[in-house]
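Take a look at the structure set out below.
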Amino acid sequence: MNISTPRYLVSFDVRQLPQRFTDVLIIGSGLAGLRAALAVSKKQQVIVLTKPENIQYSNSDRAQGGIASVLDPTDQFEKHIEDTLIAGADLCDREVVNRVVKEGPRRIAEMIEMGTHFDQHADGSLELGREGGHRMNRVAHAKGDQTGHELIQTVIAQSNAAKNIHVHAQCYVIDLLTFEGRCVGALVHDSAFGKMVYWAKQTILATGGIGQLYRETTNSPIATGDGIAMALRAGAKLKDMEFVQFHPTVLYVAGSSRSLITEAVRGEGAYLIDKNGHRFMPEYDERAELAPRDIVSRSIATQMLKTNSATVFLTMAHKDPELIRHRFPGIAAICARFGIDITKDPIPVRPGAHYMMGGVAVDMEGRTNVPGLWAIGETSCTGLHGANRLASNSLLEALVYGVSAGVGASQAAARIPDEKHLKVLPLAHDTESSYDPMLHLQDFTNSLKSLMWRNAGVKRSSEMLGEGLETLQQWQRYTFNGEQNDTVGWDLQNMLTVSMLVMQAALLREETRGGHTRVDFPEREEKWRRHITFQRNENGSIQLGMEEMKKKK
């Protein structure tokens, strides 16, 4: 199936728009983006663009489980490395895994120095938990289940105090600007001033994941895959787009927004039971509830089908109530709103889209193949996670790559003289037709999310993916036929583009591996130990590629 995308979503002429200049532009204000900003700010000016009005509003802030690292003398780097490789289903880049795991303790120590308060024992040592896929207790938490919030508060406070960091809120980045093959900044829609141009010596994408492509998700409403789509349009290579992680335990109460029930709940000994009260995970995997997320999600989906039920249940009724209240105050408060006492009542859960293992392909420092463009956090595909992310490795990756990309972009920006940078380049673009007011964009978006959940969700097949792709291609024809004129329309175009790539890659990969489950190809195949890539050609068509894995050492 032929997939194509325009170079730019809207018409513009930079000579007729307000201009801003900065050394480094960071798009996104999650943990990776703000940690990068702090690294850049030591020597360069940096502007951080964020879609929401509140800089805190990101997926990082929602991260409950914790941050994994070798922080106990009884643990070893090799054990964390091996756990990551096993969870990644033989598709991780071992060199990247080795680097991130070994750098982790230093990055966490830096956060503590900045003011992050992790939970501690009475003797001052870190209170480390265990989560699915980990053989050791190595997950640090803050305020029980509010680790992401604590980390984000720390980097926000540090950013506010840094004179070289300038945060511009309610700025929607429409597209990355390129000139002679190099990224030179971004075309932005400012809620107060309309279209603007931000020129930058270096640009870092930190826009988060794609959870909002799915009806059931743990992600914030801003996780629409826009960074991945705009990187594709700018010529960046994408990799592993079929690998979407579905978190096994998302609170499901009909009519309410979905909430994550952290992996740490199972780490504390919670059981998964079906509607008949039967504990079923030991029948699917010897690690039971502590198996990696892909296995637990598939098992839950199968058990729901067996019992003809919309959910399964988490129960902690056999655990100490005081311990549960202490460890999970946020979850207890959320569940209490629905009359659920987590110390004694079963919690209705089902899988939901949680994390994107694929994304913009980057090197060990976070560089993309487009000069001047970097990608970090969930937007990127570093090779750390392979086909399935190990629990609590995402915040670790955000810190490690936030620092490396921040330092790298700062050094690269310093090599570009101001006299070369402070020029308005002759960039302009005309679309062929204008916005069609007949499109009901919100209804369209809801239909897309339902289609992705049904046809490219936890379990996939050739029939479902083929049908989904045909529908998406039809929708794309008239959604891209005219220029959209607001953020809802641009979001929809980005979501359609990324959805097509997820489905296309999922259709091509005829095996089951990690977060990608094909019911018609249920086994893992050695011939598929490789990466599927996508890259836009100058004519707008998307070129499919295959990238062989590095040979095992």
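The values are calculated or read from the model by the stated rules, or taken from the named source; none is laboratory data. Since we're looking at a predicted model, the values are computed, not measured. Because the Cβ atoms are built from the backbone with ideal geometry, glycine has one as well, and the counts that use them run over all protein chains shown.
Listed values, structure above:
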read-out	value
Criterion: of a type in the set (Gly, Ala, Ser) and more than 27 Å from Gly88 (Cβ to Cβ) - qualifying residue of Gly277, Gly269	Gly277
Candidates Ala87, Ala140, Ala161 - the one that is under 28 Å from Ile261 (Cα atoms), out of contact with any strand residue (DSSP E or B) (no Cβ under 9 Å at 6 or more places or on another chain) and of a type in the set (A, V, I, L, M)	Ala87
Check on Thr116, crowded, with 17+ Cβ neighbours inside 10 Å and of a type in the set (S, T, N, Q)	yes
Hey, Lys237 buried (at least 24 other Cβ atoms within 10 Å of the Cβ), outside the structural domain of Ile340 (by TED's automatic domain parsing) and over 27 Å from Val139 (Cβ atoms) or not	no
Residue under evaluation Met464, criteria (1) in contact with a strand residue (DSSP E or B) (Cβ under 7 Å, 6 or more places away or on another chain); (2) over 17 Å from Arg233 (Cβ atoms); (3) crowded, with 17+ Cβ neighbours inside 10 Å, criterion not met	(1)
Strands (runs of 3 or more DSSP E) contained in segment 146-211 and holding at least 3 residues in contact with a Gly (Cβ under 9 Å, 6 or more places away or on another chain)	171-179, 182-190, 194-205
In segment 479-511, the residues that are surrounded by fewer than 23 Cβ atoms within 10 Å (Cβ to Cβ) and among the hydroxyl-bearing types (Ser, Thr, Tyr)	Thr479, Thr487
Any chance Gln76 is within 25 Å of Val139 (Cα to Cα), within 20 Å of the chain's Cα centre (by Cα) and surrounded by fewer than 19 Cβ atoms within 10 Å (Cβ to Cβ)	no
Restricting segment 399-416 to residues that are over 17 Å from Ser159 (Cα atoms) and among the β-branched types (Val, Ile, Thr), the residue that is modelled with the lowest pLDDT	Ile416
Options Gly482, Gly514: the member that is farther than 30 Å from Val188 by Cα and small (Gly, Ala, Ser)	Gly514
